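Engineer: One structure, as structure tokens, below. Some questions next.
Read-outs: derived from the displayed coordinates by stated rules, not from any lab. On a predicted model such as this, the values are computed, not experimentally measured, just so you know. Please note: Cβ atoms are built from the backbone with ideal geometry, for glycine as well, and neighbour counts cover all protein chains shown.
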Ligand code: DGY
């Protein structure tokens with residue numbers, strides 16, 4: 001007798017190839033309009049699904065999980081960050097959570113380098129000037145930014161993405177410094193010629209560029225607090241491709257406005273999709289709409305991971321990308 005297909009609810013539109021494969025494998029409910037689900041739609045989904053496939057735009061908190069039906073056994077997140085899911089509640093209800101690590105590492109590291117260059121070399125300002133029609137030609141003093149070669153890059157969070165950023169940064173002639181909960185393997189440190197700073201405060205006070213690459217967890221919320229940001233020198237650029245919540249965005253904005261920082265490159269924000277309106281007015285910040293992992297290849301790979309996680313789970317095996325704890 002053919003086995004009954006598991007009921008899977010997907011909360012956002014995924015790449016066509018992934019949705020097609022989902023339909024072949026599972027009894028799936030797709031979101032073709034791509035409108036983010038409301039709270040009541042999410043409740044409905046967790047009540048009826050055996051597997052939920054959310055993304056970072058869905059808040060799967062304790063209140064939502066409290067209303068989950070007995071059938072819900074797996075949350076197969078489309079994305080690596082899982083700070084939008086109440087992991088402790090999921091665990092206490094026996095719900096397995098998986099994510100999609102590795103496949104967006106290189107794309108996010110590329111975007112981090114893009115922001116380092118864009119902020120320090122004033123790419124947005126240059127493009128704006130050219131498009132405005134006000135560009136009068138080359139000038140010795142026009143649109144001068146700062147050289148990154150030879151500067152010190154402080155990476156906060158030396159996991160997969162932080163390490164991939166460090167590799168690229170070394171190629172650009174930056175010296176690599178990092179703060180992490182654990183020191184990385186000596187071979188990796190040697191390969192990257194990286195300096196470990198046990199004290200984040202001390203590292204912050206000595207860098208030229210700071211890149212946030214740690215996940216958002218209860219322990220990293222506002223890790224770059226107003227107090228810590230004050231330790232940073234005024235010529236520094238702050239780059240964030242991780243999660244907005246790791247930086248106190250209001251404090252950062254105040255400092256950028258006051259000239260206490262040179263600039264910032266931000267792909268993520270504390271209250272997405274809202275962005276502090278004061279940031280929008282500033283020329284010394286490069287702002288992107290959370291597109292660090294936005295490559296067609298990456299999004300397909302993320303979908304493949306979701307498919308594999310669901311399939312192995314429903315076949316009675318341990319899915320490869322189980323989220324076990326919080327790392328930084
Ligand atoms: C993730 O997967 O958590 C990323 O932020 C998506 O870009």
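Engineer: Of the residues 218, 54, 140, which exhibits the maximal mean-square fluctuation in a Gaussian network model of the chain defined by a 10 Å Cα contact cut-off?
Structural biologist: Of 218, 54, 140, the Gaussian network model singles out 140 as fluctuating most.
Engineer: Between 0 and 90 degrees, rounded to the nearest ten: what's the tilt of helix 16-25 against the longest Cα principal axis of the chain?
Structural biologist: It works out to around 20 degrees.
Engineer: Hey, another quick one. Between 154, 263, 142, find the one with the highest GNM mean-square fluctuation for the chain; connect C-alpha pairs within less than 10 Å.
Structural biologist: Maximum fluctuation in the GNM of the chain, among the listed residues, is at 142.
Engineer: Average the reciprocal distances over every distinct pair of alpha-carbons in the chain, invert the result, and give the Kirkwood radius in Å.
Structural biologist: Answer for the chain: a Kirkwood hydrodynamic radius of 21.2 Å.
Engineer: Taking segment 1-92, how much of its Cα-Cα pair set, in percent, is spaced more than 18 angstrom apart?
Structural biologist: 40
Engineer: Could you please state, rounded to a whole Å, how far the C-alpha centre of segment 246-291 is from the C-alpha centre of segment 58-72?
Structural biologist: Value for the Cα centre distance between the two parts: 33 Å.
Engineer: May I ask you to compute the full-extension gain from residue 187 to residue 48, defined as 0.36 nm times their residue separation minus their alpha-carbon distance, rounded to one decimal in nm?
Structural biologist: 45.2 nm
Engineer: Please work out the FRET efficiency for the pair residue 198 and residue 296, using the Cβ-Cβ distance as r and a Förster radius of 51 Å; give the result to the nearest 0.05.
Structural biologist: 0.80
Engineer: Oh, and also: Alpha carbon centre of segment 74-142 versus segment 158-223: separation in Å?
Structural biologist: Here the answer is 17 Å between Cα centres.
Engineer: Here is a follow-up. Is the C-alpha gyration tensor of segment 206-281 telling us rounded, prolate or oblate? Criteria: a/c under 1.5 is rounded; beyond that, a/b larger than b/c is prolate, otherwise oblate.
Structural biologist: oblate
Engineer: Looking only at segment 212-247, which residues have a backbone nitrogen under 17 Å from a spot 7 Å from the Cα of residue 172 in the C-beta direction?
Structural biologist: Once the point is set 7 Å along Cα→Cβ of residue 172, 212-214, 235-242 turn out to lie under 17 Å by backbone N, inside segment 212-247.
Engineer: Based on alpha-carbon positions alone, could you give the equivalent ellipsoid semi-axes of segment 105-287 from the gyration tensor, as √(5λ), descending, whole Å?
Structural biologist: For segment 105-287, the semi-axes come out at 27, 20, 14 Å.
Engineer: Looking at the chain only, what percent of DSSP beta bridges run antiparallel? Nearest 5 please.
Structural biologist: 5
Engineer: Additional query: How much length is gained on full extension from residue 20 to residue 308, taking 0.36 nm per residue of separation minus their Cα-Cα distance?
Structural biologist: Gain on stretching residue 20 to residue 308: 102.3 nm.
Engineer: What is the list of residues in segment 87-122 whose amide nitrogen lies under 17 Å from a point 7 angstrom out from the Cα of residue 135, following Cα to Cβ?
Structural biologist: 118-119, 121-122
Engineer: Neighbouring Cβ atoms within 10 Å as the yardstick, rank 23, 37, 255 fewest first.
Structural biologist: Lowest count first: 23, 37, 255.
Engineer: Between the helical axis of 296-314 and the dominant principal axis of the chain, each derived from Cα atoms, what acute angle in degrees is found, rounded to the nearest 10?
Structural biologist: That works out to roughly 30 degrees.
Engineer: Using a 7 Å offset from the Cα along the Cα-to-Cβ direction at both residue 254 and residue 41, what is the distance between the two label points in nm, to one decimal?
Structural biologist: Taking the two extended label points, one gets 3.8 nm.
Engineer: Still on this structure, I have one more. Against the longest alpha carbon principal axis of the chain, how many degrees, from 0 to 90 and to the nearest 10, is the axis of helix 105-120 turned?
Structural biologist: 30
Engineer: Give me the percent of DSSP beta bridges within segment 105-287 that run antiparallel, rounded to the nearest 5.
Structural biologist: Just about 5 percent of them are antiparallel.
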